[in-house]
Amino acid sequence: MDMVTISNLVLSTIILIMGVWEYARSQSRTILYIGIAFGLFAITHLLNLIGLAASLSGFILVIRVLGYLTVIYAIYIVMAKKKKAF
């Protein structure tokens, strides 16, 4: 077993759960977006662990790009709010 991929899967899943949990508490969509992005990363780590990474490399690439774009969007939301404050 690849310990790096396993640890990435576990940590990404924890961030997903924490993001959903905090969204339920505070309705912060930014936190939810970050959680969803890490959930997407968790999916790719799981596909890698079960041996499907080679046959689904294009799909994994799309999922990871969507994850990164989701994080970028969440950061943009925070930046836009701070800009309005000044």
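Over the chain, DSSP H runs of length four or greater, each weighted -39,500 (n - 2.57), average out per residue to a 222 nm ellipticity of -30500 deg cm²/dmol. Note on residue 28 and residue 49: the model spin-label points, each 7 Å out from Cα along the C-beta direction, lie 2.7 nm apart. Of interest is the spacing of the C-alpha centroids, which for the range 1-16 and the range 28-86 amounts to 15 Å.
Note that the range 3-16 has calculated 3J(HN,Hα) couplings of 5, 5, 5, 5, 5, 4, 4, 4, 5, 5, 5, 4, 5, 4 Hz, one per residue in order, obtained from phi through the Karplus relation 6.51 cos²θ - 1.76 cosθ + 1.60 (θ = phi - 60°); glycine and proline are x. Charge dipole of the range 3-85 (Cα centre as origin; +1 on each Lys and Arg Cβ, -1 on each Asp and Glu Cβ, all else neutral): 480 debye, rounded to the nearest 20. Estimated from the Cβ-Cβ distance and a Förster radius of 25 angstrom, the FRET efficiency linking residue 80 and residue 59 is about 0.20. Derived scalar couplings between HN and Hα for the range 73-84 equal 5, 4, 5, 4, 4, 5, 5, 5, 5, 5, 5, 5 Hz in order, rounded to whole Hz, by the Karplus curve 6.51 cos²θ - 1.76 cosθ + 1.60 (θ = phi - 60°), x for Gly and Pro. Taken over the chain, the ratio of Cα radius of gyration to 2.2 N^0.38 Å equals 1.23.
A short reminder: the numbers here are calculations on the coordinates, not readings from a lab. What you are looking at is a predicted structure, and each value in this text was computed from that prediction instead of being measured. Cβ: placed from backbone, ideal geometry, glycine included. Neighbour counts: every protein chain shown.
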